[in-house]
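**Q** This is the structure I want to talk about, given as structure tokens.
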Amino acid sequence: MVAQQPGTSTHPGILLSGIVPPLADPYYTRAETGPDLASSLQAGEAVVLVHGEESDVAPVTQGGTGKTQLAVEFAHAMWNSRLVEVLVWVTATNAEAVLTGFAQAANMVDAGLGSEGAEAAAARFVSWLTHTERPWALIIDDLNDLTDLQHLWPGGASGRTLITTRLPAETFEAMDIRVVPVPGLNRREALSYLSSRLTDHPDQRIEALDLGEDLAGLPLALGQATAVISARQQGCREYRVALAERRKHMSGVDGASDTVLAAWSLAAECAHELPPGGLAWPTMVLAAMMDHHGIPGAVMTSPSACSYIAGRPSTAGGADQNMVRAAINNLAAVGLITIDPVSPVRTVQMHSSVQAAVRSYLPQADLEQVALATADALLETWPEGEGGPQLEQALRDCAAALRANDGGMLWKAEAHPLLFRAGLSLENSRLSDAAITYWESILDTSTRLLGPAHANAVVARDRLAAAYESAGRSAEAVSVFQAALADRERNQGPEHPETIAARGHLAHAYQSAGRPADAVGLYGRTVADSERLLGPGHPATLGSRASLADAYQKAGQIRDGISGYELLLADAERALGAGHPTTLSARASLAAAYAANGQSKLAIEQYERALADQERMHGRDHPDAIAARASLASAYRSAGKLKEAIAQYDRVLADRERVEGADHPDTIAARANLAYAYRSGGRFREAIPQYERTLADRERVQGRDHRDTLTARSNLAGCYQQARRLTDAIPQYERALADSERMLGAGDMATLTTRCNLASAYYTAGRLSAVVSVLQRALTDCEWYLGPDHEMTQTVRENLDAATQA
């Protein structure tokens, strides 16, 4: 089968979310036992691929029948034939992985709020699937637990859903889903598979049919067998003899039958013989400790990984990395792993049954060494900031697999830093519920093993409180932060730097909980303590002062907030310099505070200085410099200085196009801002082409059902209306209303607003009967969704009264 890899070909009309695994090389098309999913799975349907009939050679828990490869074939068929506009692949390692995959897809097909958590984004994606008219395909691979899709079950008339799982078929009996068992290859397919791969000489295929039966037609075992036969220049007969002999010495392992163990053992022995000799086993052991869905290639070539595989200290220089890559390639050559050369995130994949076999034969004495080496390798590879949702999820999956198989080694002496890095990744990925559960577990374990006063337990408690706060569970966050502060005051003293930091954490929690007075008071004490003990120019002091100024703002003490930012800026500039990040941040905050207080002239002065500093420090093409120019443009517009605003918006658009490309969302947003500036100045002839281009770009790049596209259409309609082009405005309003109602619902504020705007356009066009009809529906919806006393409800009621009396 020849197929383009989704994500690497040029299909501008198709959006791809997730990482589609590679097709096997060579891929064998199953004409008899493989369901023709591309033609049989229709829009509006869902299919789940389960394990075929269980046998001693092929237990359900082992897998290996080729379900994932059938799903990959389906994904390629959808991609190459362009039967869908949206293709989503989710590796369902656990509930957290499902949430991450759905949230990533949500932000691709529809705009979300900056503060939105993964749970909300995932729910938004499921809603989008239900309502969109764009054809889509969703593949959920290796679903481990049906509850992982609780409240997130996908469906919709425009989409195809395919799930692979090792769950038994009866799990789905009560559901509206077609269950398709996937057995191993049948006799004819197995013979064809072996014959197509064993082509060195005719005698090589003698007893091929028997070998296929020995291996129950399992594609996993057949692939390993043919690789070993080819590497050793054997035939099926010789391999069968070796397999039968090896099977006698295989003991039962959870997740792998004796036959599969024997095939694995022969493949591992073959890999061990290939140069560089002796490296196959440690490479295989390292991979077996991590997630079978895929390990980032950088983990396998990190200093700790190279050191473990080479059996000596390594800095992961070019020679050692090439040596490790050679060992990995040897494992791939005998079918023990799969390499995805185009994915840096899930590069090396090892089937779970192979991993189970490797771990079962790993001496206990070696477990500590490999567990620590794996943890160090993951930590060395993990980016300091956010590495992107796919990489973060892959690293978390690998860390979770290691925790499940480390034998407690990651808690020997004290917690390995990897445990804390994985938890922080959950927080950074806005997986609030998962982060809370994780930190509760870490706190419980650290308290039980190390004691409540140990540094690991103290940090875990702080992180748990932060997770509560992030999830909006303010009362619980405040309670934990209060306890943490009390403990630090008691154990370390009220003036210890960690106690001061704990005071700041509690102040932030007060602010999140809507207790501004408590936040201001505690931040004030934090600033005073920090200035006295650390000095006024210390980064911690400056950070506390920024937090205090922000707290003043949120408490409505605007003048105090501005004064705080003014003093902070002066001190930061004196202590750190004009180009220091702290100074740049303080200047931007002061400018925003001025703007919020209506002090336009002062705001513009600070924004102009901020732009100059950013360009001097980073250059005009740096994202921060472009963002600073956009802020200045906005300040000009707010001040009514439209000529200056338009010039800056025009420059921002040019910079975005040059640096990020015409199709980047930031570039499209910059064009919309320029259009709005023209519109604000009454320059409709210039605004309309920019609005039209914005809508066209949104629809082409993000899709017609994306929230940003809905907004772009409404903005264009509004500009048409202001320009008195009602024959153009009304169809756009009508389309925007229909799309918004379908995608967001009748009670969404955007839908209600669009309905009222359509009524306004009808009124301007003199279509009074249409005005009354639309406003009656608007009033009904406003009363139902917003309440009879809501400001918008009252406005609609007044407009309807006026229209009926006209």
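The values are calculated or read from the model by the stated rules, or taken from the named source; none is laboratory data. On a predicted model such as this, the values are computed, not experimentally measured, just so you know. Positions of Cβ are backbone-derived with ideal geometry, glycine not excepted, and every protein chain shown enters the neighbour counts. Calculation scope for accessible area: heavy atoms of the full protein, side chains included, ligands and nucleic acids excluded. Shrake-Rupley method; radii C 1.70, N 1.55, O 1.52, S 1.80 Å.
**Q** Which number do you get for Rg(Cα) / (2.2 N^0.38 Å) in the stretch 634-702?
**A** That ratio works out to 1.06.
**Q** Carbon-plus-sulfur fraction of the accessible area of the stretch 426-474, 1.4 Å probe, in percent?
**A** It is 50 percent, rounded to a whole number.
**Q** Still on this structure, I have one more. Please label the shape of the stretch 11-154 as rounded, prolate or oblate, based on the square roots a ≥ b ≥ c of the eigenvalues of the alpha-carbon gyration tensor (a/c under 1.5 means rounded; beyond that, a/b larger than b/c means prolate, else oblate).
**A** Here the stretch 11-154 falls in the oblate category.
**Q** Ok, one more. Roughly how many whole Å is it from the C-alpha centroid of the stretch 34-73 to that of the stretch 388-439?
**A** 31
**Q** How much accessible surface area, in Å² rounded to 10, belongs to the heavy atoms of SER589 with a 1.4 Å probe?
**A** Accessible area, nearest 10 Å²: 40 Å².
**Q** Relative to the compact-globule scaling 2.2 N^0.38 Å, provide the ratio for the alpha-carbon radius of gyration of the stretch 317-471.
**A** The stretch 317-471 yields a ratio of 1.15.
**Q** I've got another one for you. Given N residues in the stretch 86-147, what is its alpha carbon radius of gyration divided by 2.2 N^0.38 Å?
**A** 1.07
**Q** Next up: What is the distance in Å between the Cα centres of the stretch 309-355 and the stretch 229-283?
**A** Taking the Cα centre of the stretch 229-283 as reference, the centre of the stretch 309-355 is 18 Å away.
**Q** Tally the DSSP beta bridges in the chain and give the antiparallel ones as a percent, rounded to 5.
**A** 15
**Q** For the stretch 381-449, divide the Cα radius of gyration by the Kirkwood radius and give the resulting Rg/Rh value with two decimals.
**A** 0.96
**Q** Let me see the P(r) profile for the stretch 567-677: every Cα-Cα distance counted, bins of 10 Å, each bin given as a percent of all pairs.
**A** The distribution over the stretch 567-677 is 16, 43, 32, 8, 0, given as percents.
**Q** How many nm separate the modelled label positions at ASP203 and ALA570, each set 7 Å beyond the Cα in the direction of the Cβ?
**A** For the pair ASP203/ALA570, the computed spacing is 9.6 nm.
**Q** Could you estimate the translational diffusion coefficient of the stretch 506-624 from the Stokes-Einstein equation, with Rh from the Kirkwood formula over C-alpha pairs, at 37 °C and 0.692 mPa s, in whole µm²/s?
**A** Rounded to a whole number, D works out at 224 µm²/s.
**Q** Let me ask another. Stretched out fully, how many nm does the piece from TRP153 to GLU133 gain, at 0.36 nm a residue minus the Cα gap?
**A** Going from the current span to full extension adds 5.4 nm.
**Q** Right, next: Once the Cα atoms of the stretch 125-272 are picked out, what are the Rg and Dmax in Å?
**A** Over the stretch 125-272's Cα set, Rg and Dmax evaluate to 20.5, 59 Å.
**Q** Pairing the Cα long axis of helix 768-785 with the longest principal axis of the chain, what angle in degrees results, from 0 to 90 and rounded to the nearest 10?
**A** Taking Cα atoms only, the helix is inclined about 70 degrees.
**Q** Alpha carbon centre of the stretch 666-725 versus the stretch 751-795: separation in Å?
**A** 23
**Q** Another question, then. Which whole-number value in Å³ per residue fits the convex hull of the alpha carbons of the stretch 576-635?
**A** 63
**Q** Now for a separate question. Roughly how many percent of the accessible protein surface of the stretch 481-633 is carbon and sulfur, given a 1.4 Å probe and a whole-percent answer?
**A** 53
**Q** Right, here's the next one. Accessible area per residue of the chain at 1.4 Å probe, in Å²?
**A** With all protein chains present, the chain gives 42 Å² per residue.
**Q** Another question, then. Quick one: what does P(r) look like for the chain with 20 Å bins over all Cα pairs, in whole %?
**A** Taking all Cα pairs of the chain, the binned fractions are 13, 38, 34, 13, 1 percent.
**Q** Turning to a different aspect of this structure: Can you list, bin by bin at 10 Å, the percent of alpha carbon pairs in the stretch 614-770, starting at 0?
**A** With 10 Å bins starting at 0, P(r) equals 12, 34, 34, 16, 4, 0, 0.
**Q** Let me have the 222 nm mean residue ellipticity of the chain computed from DSSP H runs of 4+ only, each contributing -39500 (n - 2.57), with the sum over all residues rounded to the nearest 500.
**A** Result for the chain, helices only: -20500 deg cm²/dmol.
**Q** How large is Rg/Rh for the stretch 253-372, to two decimals, with Cα atoms and a Kirkwood Rh?
**A** 0.94
**Q** Can I ask one more? On alpha-carbon atoms, Rg over Rh for the stretch 603-651 using Kirkwood Rh?
**A** In the stretch 603-651, Rg relative to Rh is 0.97.
**Q** State the percentage of accessible surface on the stretch 712-754 attributable to carbon and sulfur atoms; use a 1.4 Å probe and exclude ligands, DNA and RNA.
**A** Whole-percent figure for carbon plus sulfur exposure: 49.
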